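This report concerns only the one structure given below.
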Amino acid sequence: MTTTRDTSVVAFLRQIPFLEQLPYADLHELALLCQSEQIQRNSAIYSKGDISNHLFVLLRGSVKVCSFSEDGREIIKEMLSPIALFGDLGLVGEKERQENAFSMQDEVQLLRIPIDAFRKLIRRHPSLSLDIVDWLGSRLRRAEARLEALMFKDARERIIDFLKDSAENQGKKIGFELLIKHSMTQQDIANYTGTSRQTVTSVLNELRKSNLIYFNRRSILIRDLERLV
(Lines give C-alpha, C1' and ligand atoms only; values in the text may rest on other atoms or scores of the structure.)
Protein backbone atom coordinates (compact mmCIF):
# COMPACT_ATOMS: atom_id res chain seq x y z
CA MET A 1 0.00 0.00 0.00
CA THR A 2 1.39 3.39 -1.03
CA THR A 3 1.25 6.11 1.63
CA THR A 4 1.54 9.88 1.36
CA ARG A 5 4.95 9.60 3.00
CA ASP A 6 6.18 7.11 0.35
CA THR A 7 4.93 9.32 -2.48
CA SER A 8 6.72 12.31 -0.96
CA VAL A 9 9.99 10.38 -0.61
CA VAL A 10 9.74 9.18 -4.23
CA ALA A 11 9.31 12.83 -5.32
CA PHE A 12 12.51 13.77 -3.48
CA LEU A 13 14.41 10.81 -4.95
CA ARG A 14 13.37 11.85 -8.47
CA GLN A 15 15.21 15.15 -7.95
CA ILE A 16 18.52 13.28 -7.81
CA PRO A 17 19.82 13.56 -11.41
CA PHE A 18 20.67 9.90 -12.02
CA LEU A 19 17.41 8.62 -10.48
CA GLU A 20 14.91 10.81 -12.30
CA GLN A 21 14.33 8.36 -15.19
CA LEU A 22 13.91 5.21 -13.10
CA PRO A 23 10.48 3.51 -12.97
CA TYR A 24 8.21 4.54 -10.12
CA ALA A 25 8.10 0.97 -8.79
CA ASP A 26 11.89 0.93 -8.24
CA LEU A 27 11.89 4.32 -6.53
CA HIS A 28 8.95 3.28 -4.36
CA GLU A 29 10.84 0.14 -3.31
CA LEU A 30 13.83 2.31 -2.39
CA ALA A 31 11.60 4.80 -0.58
CA LEU A 32 10.33 2.03 1.70
CA LEU A 33 13.90 1.47 2.91
CA CYS A 34 14.67 5.16 3.50
CA GLN A 35 14.70 6.51 7.04
CA SER A 36 13.74 10.13 7.65
CA GLU A 37 15.82 11.99 10.23
CA GLN A 38 15.58 15.44 11.76
CA ILE A 39 18.66 16.74 13.56
CA GLN A 40 19.65 19.93 15.31
CA ARG A 41 22.41 22.43 14.54
CA ASN A 42 26.05 21.28 14.83
CA SER A 43 25.10 17.60 15.12
CA ALA A 44 27.35 14.98 13.52
CA ILE A 45 25.66 13.08 10.70
CA TYR A 46 28.73 10.89 10.37
CA SER A 47 32.35 11.12 11.48
CA LYS A 48 35.69 9.99 10.12
CA GLY A 49 36.12 6.29 10.79
CA ASP A 50 32.40 5.45 10.76
CA ILE A 51 31.29 2.57 8.55
CA SER A 52 30.19 3.78 5.08
CA ASN A 53 26.96 1.84 4.94
CA HIS A 54 24.47 4.64 4.19
CA LEU A 55 24.16 7.60 1.89
CA PHE A 56 22.03 10.66 2.55
CA VAL A 57 19.70 13.07 0.78
CA LEU A 58 19.44 16.54 2.31
CA LEU A 59 15.79 17.61 2.26
CA ARG A 60 15.87 20.76 4.39
CA GLY A 61 18.54 22.96 5.93
CA SER A 62 22.26 22.91 5.20
CA VAL A 63 25.15 20.54 5.84
CA LYS A 64 28.92 20.90 5.72
CA VAL A 65 31.32 18.11 4.77
CA CYS A 66 34.71 18.70 6.36
CA SER A 67 38.03 17.36 7.61
CA PHE A 68 40.27 18.46 10.46
CA SER A 69 44.00 19.11 10.36
CA GLU A 70 46.34 17.63 12.98
CA ASP A 71 46.18 20.90 14.94
CA GLY A 72 42.37 20.84 14.93
CA ARG A 73 41.67 23.36 12.17
CA GLU A 74 38.51 22.68 10.19
CA ILE A 75 38.68 22.45 6.40
CA ILE A 76 35.26 22.61 4.76
CA LYS A 77 35.14 20.64 1.50
CA GLU A 78 31.47 21.15 0.62
CA MET A 79 28.53 23.17 1.88
CA LEU A 80 25.31 21.50 0.81
CA SER A 81 21.76 22.74 0.32
CA PRO A 82 18.59 20.82 -0.68
CA ILE A 83 18.32 18.58 -2.67
CA ALA A 84 21.87 17.20 -2.27
CA LEU A 85 23.12 13.62 -2.16
CA PHE A 86 26.15 13.03 0.06
CA GLY A 87 28.00 10.30 1.92
CA ASP A 88 27.98 8.40 -1.37
CA LEU A 89 31.58 7.18 -1.58
CA GLY A 90 30.45 3.86 -0.15
CA LEU A 91 29.00 3.21 -3.60
CA VAL A 92 32.51 3.19 -5.08
CA GLY A 93 34.37 1.19 -2.46
CA GLU A 94 34.81 3.39 0.62
CA LYS A 95 34.62 1.14 3.71
CA GLU A 96 35.09 3.80 6.40
CA ARG A 97 34.32 7.51 6.27
CA GLN A 98 37.30 9.66 5.36
CA GLU A 99 35.59 12.91 6.32
CA ASN A 100 32.90 14.35 8.59
CA ALA A 101 29.42 15.78 7.97
CA PHE A 102 27.68 18.22 10.32
CA SER A 103 24.33 19.99 10.27
CA MET A 104 24.56 23.79 10.00
CA GLN A 105 20.99 24.73 10.90
CA ASP A 106 18.28 23.79 13.35
CA GLU A 107 15.90 21.10 12.17
CA VAL A 108 17.98 19.76 9.30
CA GLN A 109 15.97 17.02 7.60
CA LEU A 110 17.61 14.03 5.89
CA LEU A 111 16.81 10.77 4.18
CA ARG A 112 19.14 7.92 5.13
CA ILE A 113 19.44 5.26 2.40
CA PRO A 114 21.18 1.89 2.89
CA ILE A 115 24.10 1.44 0.50
CA ASP A 116 23.09 -2.19 -0.07
CA ALA A 117 19.63 -1.09 -1.30
CA PHE A 118 21.27 1.29 -3.75
CA ARG A 119 23.61 -1.42 -5.01
CA LYS A 120 20.61 -3.68 -5.59
CA LEU A 121 19.10 -0.93 -7.72
CA ILE A 122 22.33 -0.69 -9.74
CA ARG A 123 22.35 -4.44 -10.38
CA ARG A 124 18.80 -4.16 -11.67
CA HIS A 125 19.67 -1.18 -13.90
CA PRO A 126 23.34 -1.55 -14.97
CA SER A 127 23.29 1.73 -16.93
CA LEU A 128 22.75 3.48 -13.60
CA SER A 129 26.38 2.79 -12.69
CA LEU A 130 27.54 4.89 -15.67
CA ASP A 131 25.25 7.74 -14.64
CA ILE A 132 26.67 7.61 -11.12
CA VAL A 133 30.24 7.65 -12.45
CA ASP A 134 29.41 10.71 -14.57
CA TRP A 135 27.86 12.41 -11.53
CA LEU A 136 30.87 11.62 -9.33
CA GLY A 137 33.13 12.86 -12.12
CA SER A 138 31.38 16.24 -12.14
CA ARG A 139 31.90 16.49 -8.38
CA LEU A 140 35.57 15.62 -8.81
CA ARG A 141 35.96 18.37 -11.42
CA ARG A 142 34.42 20.90 -9.03
CA ALA A 143 36.82 19.75 -6.31
CA GLU A 144 39.77 20.14 -8.68
CA ALA A 145 38.61 23.64 -9.62
CA ARG A 146 38.52 24.57 -5.92
CA LEU A 147 42.01 23.13 -5.43
CA GLU A 148 43.32 25.19 -8.34
CA ALA A 149 41.70 28.28 -6.86
CA LEU A 150 43.44 27.64 -3.53
CA MET A 151 46.75 27.36 -5.36
CA PHE A 152 46.49 30.18 -7.91
CA LYS A 153 44.00 32.77 -6.62
CA ASP A 154 44.45 35.20 -3.76
CA ALA A 155 42.16 35.31 -0.72
CA ARG A 156 39.95 38.10 -2.06
CA GLU A 157 39.36 36.26 -5.36
CA ARG A 158 38.45 33.04 -3.51
CA ILE A 159 35.93 34.81 -1.30
CA ILE A 160 34.34 36.51 -4.32
CA ASP A 161 34.21 33.15 -6.15
CA PHE A 162 32.40 31.74 -3.12
CA LEU A 163 29.85 34.59 -3.23
CA LYS A 164 29.29 34.10 -6.96
CA ASP A 165 28.86 30.34 -6.65
CA SER A 166 26.45 30.77 -3.75
CA ALA A 167 24.43 33.35 -5.69
CA GLU A 168 24.22 31.17 -8.79
CA ASN A 169 23.40 27.96 -6.89
CA GLN A 170 21.01 29.18 -4.20
CA GLY A 171 20.40 32.89 -4.77
CA LYS A 172 16.83 34.16 -5.01
CA LYS A 173 16.21 36.95 -7.51
CA ILE A 174 14.83 40.17 -6.08
CA GLY A 175 14.62 42.59 -8.99
CA PHE A 176 18.18 42.88 -10.30
CA GLU A 177 19.67 41.63 -7.02
CA LEU A 178 20.30 38.13 -5.65
CA LEU A 179 19.52 37.20 -2.05
CA ILE A 180 21.42 34.32 -0.43
CA LYS A 181 19.84 33.06 2.79
CA HIS A 182 22.36 31.07 4.77
CA SER A 183 23.45 29.69 8.13
CA MET A 184 27.19 30.25 7.71
CA THR A 185 29.42 32.09 10.11
CA GLN A 186 32.30 34.12 8.75
CA GLN A 187 34.56 31.40 10.16
CA ASP A 188 32.68 28.85 8.01
CA ILE A 189 33.36 30.97 4.93
CA ALA A 190 37.01 31.22 5.92
CA ASN A 191 37.25 27.44 6.42
CA TYR A 192 35.69 26.89 3.00
CA THR A 193 37.83 29.42 1.12
CA GLY A 194 41.13 28.65 2.85
CA THR A 195 41.39 32.12 4.35
CA SER A 196 41.03 33.60 7.85
CA ARG A 197 37.93 35.01 9.56
CA GLN A 198 39.63 38.42 9.68
CA THR A 199 40.21 38.33 5.92
CA VAL A 200 36.59 37.35 5.25
CA THR A 201 35.38 40.22 7.45
CA SER A 202 37.70 42.68 5.69
CA VAL A 203 36.66 41.61 2.16
CA LEU A 204 32.93 41.59 2.97
CA ASN A 205 33.16 45.06 4.55
CA GLU A 206 35.08 46.35 1.52
CA LEU A 207 32.43 45.01 -0.85
CA ARG A 208 29.67 46.50 1.29
CA LYS A 209 31.37 49.92 1.27
CA SER A 210 31.54 49.67 -2.53
CA ASN A 211 27.77 48.94 -2.54
CA LEU A 212 28.33 45.59 -4.24
CA ILE A 213 26.80 43.56 -1.42
CA TYR A 214 24.85 43.92 1.78
CA PHE A 215 25.02 41.26 4.50
CA ASN A 216 23.87 40.35 7.97
CA ARG A 217 24.07 37.18 10.06
CA ARG A 218 21.45 35.31 8.03
CA SER A 219 21.73 36.60 4.47
CA ILE A 220 23.94 38.15 1.80
CA LEU A 221 22.47 40.40 -0.89
CA ILE A 222 24.43 40.57 -4.15
CA ARG A 223 23.51 43.91 -5.68
CA ASP A 224 25.06 43.32 -9.11
CA LEU A 225 26.63 39.94 -9.87
CA GLU A 226 28.45 41.20 -12.99
CA ARG A 227 30.20 43.97 -11.04
CA LEU A 228 31.34 41.59 -8.31
CA VAL A 229 35.03 41.31 -9.20
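The values are calculated or read from the model by the stated rules, or taken from the named source; none is laboratory data. Computed from a predicted model, the values in this text were never measured in an experiment. Cβ placement follows ideal geometry from the backbone for every residue including glycine, while neighbour counts extend to all protein chains displayed. Note: accessible area is taken over every heavy atom of the protein model, side chains too, but ligands, DNA and RNA are not part of it. Shrake-Rupley method; radii C 1.70, N 1.55, O 1.52, S 1.80 Å.
First measure r as the distance between the Cβ atoms of Gln198 and Arg142, then evaluate 1/(1 + (r/R0)^6) with R0 = 30 Å and state the FRET efficiency to the nearest 0.05.
Details: r = 27 Å, r/R0 = 0.90.
Here the calculated transfer efficiency is 0.65.
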Charge dipole of the chain about the Cα centre (unit charges at C-beta), most positive-ward option of Phe86, Thr201, Ser127: Thr201
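Might you report the magnitude of the Cβ-based charge dipole of the chain about its Cα centre, with Lys and Arg at +1 and Asp and Glu at -1, to the nearest 20 debye? Kindly include the intermediate steps, with their values, before the conclusion.
Working: 33 positive and 31 negative charges, 103 e Å.
About 500 debye.
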Going by average Cβ density within 10 Å per residue, which order do the peptides 174-185, 156-167 take, highest to lowest? 156-167, 174-185
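Considering only protein heavy atoms and a 1.4 Å probe, what is the carbon-and-sulfur percentage of the accessible area of the chain? Please list the in-between numbers first.
Numbers: 6550 of 12780 Å².
Summing carbon and sulfur atoms, their accessible area is 51 percent of the total for the chain.
With a 1.4 Å probe and every protein chain left in place, work out the accessible area per residue of the chain in Å², rounded to a whole number.
Numbers: 12780 Å² over 229 residues.
Normalised by residue count, the accessible surface of the chain is 56 Å².
Using helices alone, I'd like the mean residue ellipticity at 222 nm for the chain: each DSSP H run of four-plus residues gives -39500 (n - 2.57), total over residue count, nearest 500.
On the way: 7 runs with 93 residues, N = 229.
For the chain, the value works out to -13000 deg cm²/dmol.
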Could you let me know the centre-to-centre spacing of region 1-70 and region 122-137, using Cα atoms, in angstrom? 17
Note on region 101-161: alpha-carbon gyration tensor, axes a ≥ b ≥ c; rule is a/c under 1.5 for rounded, else prolate if a/b larger than b/c, else oblate; result oblate
